[in-house]
């Protein structure tokens, strides 16, 4: 490694650390996923039940536990969820950056390595996911590590140790989220290249060491799976048996083959996710695609395997009926490698530099316009944000970030458009973390509503939640009752009616659409608006006679 490249790496990691660390500890978890995951980690620490994730006291079978263990570790270490829930993304972001730059250096050279790392930092989805408290940030670390290990063997090998380590990393990906096996798809373009005589790693004859990676994957999975299965078998607990069956079958094979949520058409990822999430790479495709075509014509095996893997990942998720834009995030580091290969050549083109600068100006202009509009029309956002001061603070923060982006882009100009774009992304993510997110966190996280609720209840009154979003339970600081996580609402309401009848001090918080017919809307007390709903307090005086005819309450 040359001194120049070492300095370039230090620069990239300093930029990445600022981007990813900005805002840690300054905001609470936001819906949809962050509050649920943070609540699970919090319950792990407080209950001591680490093997089986719980949310609101109920088993949570949707995801394996590795991500929750990591958040729980940082929560136990620091005592702060605001710190803990964002730490996996921070660590994963720096780890993925190292893997991308090191693989590019080994496959090509140090110049390509620098541009690949810089490209990774400016891909919009990188900052968006790594600065979140979602599982996919940590999943991306494991899939990239697995892909790195497999490529070290398939392109630069034979290297059986890295091949084994690629399998181990895939296993870590599986116990983070079931799709951790995605890196194995690279074996398909490898087999194609091997058959067609491309310059890939060749191993003469049959070699049993090809089983090392799958064995490593299975061993890591077994380290979690066997204790879980044994604990279930020894418990004779019906809820644990249901948890085991759900996480092993319903949340994996069934969820992929017959998804029940986020139903999107087959082309959704190509038209609604990739074009904006993988900016600025997608903007430069008119220049990149011919370059990649030349690479394939020249039998560049690295482009074949990396590009083929990206296409297979997109195809894999496109074939499932259930799709979310974050599903394709594991492929973003490979996209950075492919774009970084030609970045230095492309940036010599004035058209490419103009396109990058225009995009930076467009993003800055959009932020400026949104911030100015919020300051000039605060009443339009009052229902969503609930407080004029919050709207003004958030609007000023967005406006400030937008103006700063425009000023930096204008200062760098076309000649240094690449630097302008990197500076723009640094300003965007630092501004989001340090100014914009703190301004809206109380409203976005549910803290503001829970503060109002706390003021509305006396010390003697007891609270229960119906149809509760996880952020309410996460931020409620007093004892509370809930009637199950993700239950049918009729069952929740039935139990709530029985509970509220037991004592005059019992209060139930519920959304507006569930008040009737069991409660009288005129006797319900509005607490506030949050998460697209008005939330009301009801007690037994608000019970309606019509409730006896409701399906949930026929037993009354």
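Return yes or no: is residue 40 in contact with a strand residue (DSSP E or B) (Cβ under 8 Å, 6 or more places away or on another chain), in contact (Cβ under 8 Å) with a residue 12 or more places away in the chain and either assigned by TED's automatic domain parsing to the domain that holds residue 126 or more than 30 Å from residue 108 (Cα to Cα) (or both)?
Working: in contact with a strand residue (DSSP E or B) (Cβ under 8 Å, 6 or more places away or on another chain): yes; in contact (Cβ under 8 Å) with a residue 12 or more places away in the chain: yes; either assigned by TED's automatic domain parsing to the domain that holds residue 126 or more than 30 Å from residue 108 (Cα to Cα) (or both): yes.
So residue 40 passes the test.
Give the number of residues within segment 362-391 that are in contact with a strand residue (DSSP E or B) (Cβ under 9 Å, 6 or more places away or on another chain) and outside any helix (DSSP H, G or I).
The first filter runs over segment 362-391 and keeps only residues in contact with a strand residue (DSSP E or B) (Cβ under 9 Å, 6 or more places away or on another chain), leaving 383-384, 386.
Filter once more, so that each one left must be outside any helix (DSSP H, G or I): 386.
Counting residues in segment 362-391 that are in contact with a strand residue (DSSP E or B) (Cβ under 9 Å, 6 or more places away or on another chain) and outside any helix (DSSP H, G or I) gives 1.
Go through the residues of segment 149-156 one by one and say whether even a single one is within 25 Å of residue 23 (Cα to Cα) and more than 22 Å from the chain's Cα centre (by Cα).
Step one: list which residues in segment 149-156 are within 25 Å of residue 23 (Cα to Cα), which gives none.
No; the residues of segment 149-156 include none that is within 25 Å of residue 23 (Cα to Cα) and more than 22 Å from the chain's Cα centre (by Cα).
So which helices (runs of 4 or more DSSP H) are wholly in segment 42-144 and hold at least 1 residues that are modelled with pLDDT under 95? Before the answer, list the steps.
Working: elements: 66-78, 81-84, 87-107, 110-122, 124-130.
In segment 42-144, no matching helices (runs of 4 or more DSSP H) lie anywhere.
If only one of 185, 212 is part of a helix (DSSP H, G or I), assigned by TED's automatic domain parsing to the domain that holds residue 151, in contact (Cβ under 8 Å) with a residue 60 or more places away in the chain and more than 29 Å from residue 50 (Cα to Cα), which one is it? Quick ask: steps written out before the conclusion?
Values: 212 fails: in contact (Cβ under 8 Å) with a residue 60 or more places away in the chain.
Criteria check complete, one pass: 185.
Cβ-Cβ under 8 Å, sequence separation 6+ or interchain: first residue in segment 357-372 and on the phi > 0 side of the Ramachandran plot and in contact (Cβ under 8 Å) with a residue 12 or more places away in the chain, partner surrounded by 19 or more Cβ atoms within 10 Å (Cβ to Cβ) and part of a helix (DSSP H, G or I). Which pairs?
none
For the condition within 15 Å of residue 120 (Cα to Cα) and in the same structural domain as residue 174 (by TED's automatic domain parsing), what is the one hit in 336, 301?
Numbers: 301 fails: within 15 Å of residue 120 (Cα to Cα).
Sole residue among the options that is within 15 Å of residue 120 (Cα to Cα) and in the same structural domain as residue 174 (by TED's automatic domain parsing): 336.
For segment 175-186, indicate whether the set of residues that are more than 30 Å from residue 33 (Cα to Cα) and in contact with a helix residue (DSSP H, G or I) (Cβ under 7 Å, 6 or more places away or on another chain) is non-empty.
First, the residues of segment 175-186 that are more than 30 Å from residue 33 (Cα to Cα): none.
Within segment 175-186, not a single residue is more than 30 Å from residue 33 (Cα to Cα) and in contact with a helix residue (DSSP H, G or I) (Cβ under 7 Å, 6 or more places away or on another chain).
Out of all the residues in segment 184-208, which are within 35 Å of the chain's Cα centre (by Cα), over 30 Å from residue 65 (Cα atoms) and loosely packed, with under 15 Cβ neighbours inside 10 Å?
Filtering segment 184-208 down to residues within 35 Å of the chain's Cα centre (by Cα) leaves 184-193, 200-201.
Adding the requirement that they be over 30 Å from residue 65 (Cα atoms) leaves 189-193, 200-201.
Matches in segment 184-208: 191, 192.
Please indicate, with yes or no, whether at least one residue in segment 396-415 is touching a residue at least 12 places away in the same chain (Cβ under 8 Å), out of contact with any strand residue (DSSP E or B) (no Cβ under 9 Å at 6 or more places or on another chain), more than 20 Å from residue 529 (Cα to Cα) and in a loop (DSSP other than H, G, I, E, B).
Yes, segment 396-415 contains a residue that is touching a residue at least 12 places away in the same chain (Cβ under 8 Å), out of contact with any strand residue (DSSP E or B) (no Cβ under 9 Å at 6 or more places or on another chain), more than 20 Å from residue 529 (Cα to Cα) and in a loop (DSSP other than H, G, I, E, B).
Within segment 449-483, how many residues turn out to be touching a residue at least 40 places away in the same chain (Cβ under 8 Å) and either over 25 Å from residue 85 (Cα atoms) or touching a strand residue (DSSP E or B) at 6+ places or on another chain (Cβ under 7 Å) (or both)?
17
Going by the structure shown, is residue 344 touching a residue at least 40 places away in the same chain (Cβ under 8 Å), surrounded by 16 or more Cβ atoms within 10 Å (Cβ to Cβ) and either in the same structural domain as residue 289 (by TED's automatic domain parsing) or assigned to a helix (DSSP H, G or I) (or both)? I'd like the intermediate steps shown before the answer.
On the way: touching a residue at least 40 places away in the same chain (Cβ under 8 Å): yes; surrounded by 16 or more Cβ atoms within 10 Å (Cβ to Cβ): no; either in the same structural domain as residue 289 (by TED's automatic domain parsing) or assigned to a helix (DSSP H, G or I) (or both): yes.
When the stated conditions are applied, residue 344 does not pass them.
Taking the condition out of contact with any helix residue (DSSP H, G or I) (no Cβ under 8 Å at 6 or more places or on another chain) and part of a helix (DSSP H, G or I), does residue 152 pass? Walk me through how you get there before you give the answer.
Values: out of contact with any helix residue (DSSP H, G or I) (no Cβ under 8 Å at 6 or more places or on another chain): no; part of a helix (DSSP H, G or I): yes.
No.
Could you grab me the full set of residues in segment 513-540 that are in a helix (DSSP H, G or I) and within 30 Å of the chain's Cα centre (by Cα)?
513
Of the residues 410, 362, 372, 423, which is over 26 Å from residue 101 (Cβ atoms), outside the structural domain of residue 14 (by TED's automatic domain parsing) and touching a helix residue (DSSP H, G or I) at 6+ places or on another chain (Cβ under 6 Å)?
Values: 410 fails: touching a helix residue (DSSP H, G or I) at 6+ places or on another chain (Cβ under 6 Å); 362 fails: touching a helix residue (DSSP H, G or I) at 6+ places or on another chain (Cβ under 6 Å); 423 fails: over 26 Å from residue 101 (Cβ atoms).
None of the other options fit; the residue is 372.
Quick check on segment 43-77: of everything there that is touching a residue at least 60 places away in the same chain (Cβ under 8 Å) and closer than 30 Å to residue 427 by Cα, which residue is surrounded by the fewest Cβ atoms within 10 Å (Cβ to Cβ)? Break it down into steps so the answer makes sense when it comes.
At the first step, the residues of segment 43-77 found to be touching a residue at least 60 places away in the same chain (Cβ under 8 Å) are 51-52, 55-67, 70-71.
Filter again for closer than 30 Å to residue 427 by Cα, leaving 67, 70-71.
Numbers: 67: 24, 70: 20, 71: 27.
Residue satisfying both the conditions and the ranking: 70.
Find the residue count for segment 100-112, including only residues that are crowded, with 19+ Cβ neighbours inside 10 Å and either touching a strand residue (DSSP E or B) at 6+ places or on another chain (Cβ under 7 Å) or under 19 Å from residue 146 (Cα atoms) (or both). Give the steps one after another, and end with the answer.
If we filter segment 100-112 for residues that are crowded, with 19+ Cβ neighbours inside 10 Å, which is where we start, we get 100-101, 103-105, 107, 112.
From the residues that got through so far, the ones that are either touching a strand residue (DSSP E or B) at 6+ places or on another chain (Cβ under 7 Å) or under 19 Å from residue 146 (Cα atoms) (or both) too are 100-101, 103-105, 107.
Selection size over segment 100-112: 6.
The values are calculated or read from the model by the stated rules, or taken from the named source; none is laboratory data. Every value quoted in this text rests on a predicted model; they were computed, and no experiment measured them. Neighbour counts are summed over all protein chains in view; Cβ atoms, including those assigned to glycine, are modelled from backbone coordinates with ideal geometry.
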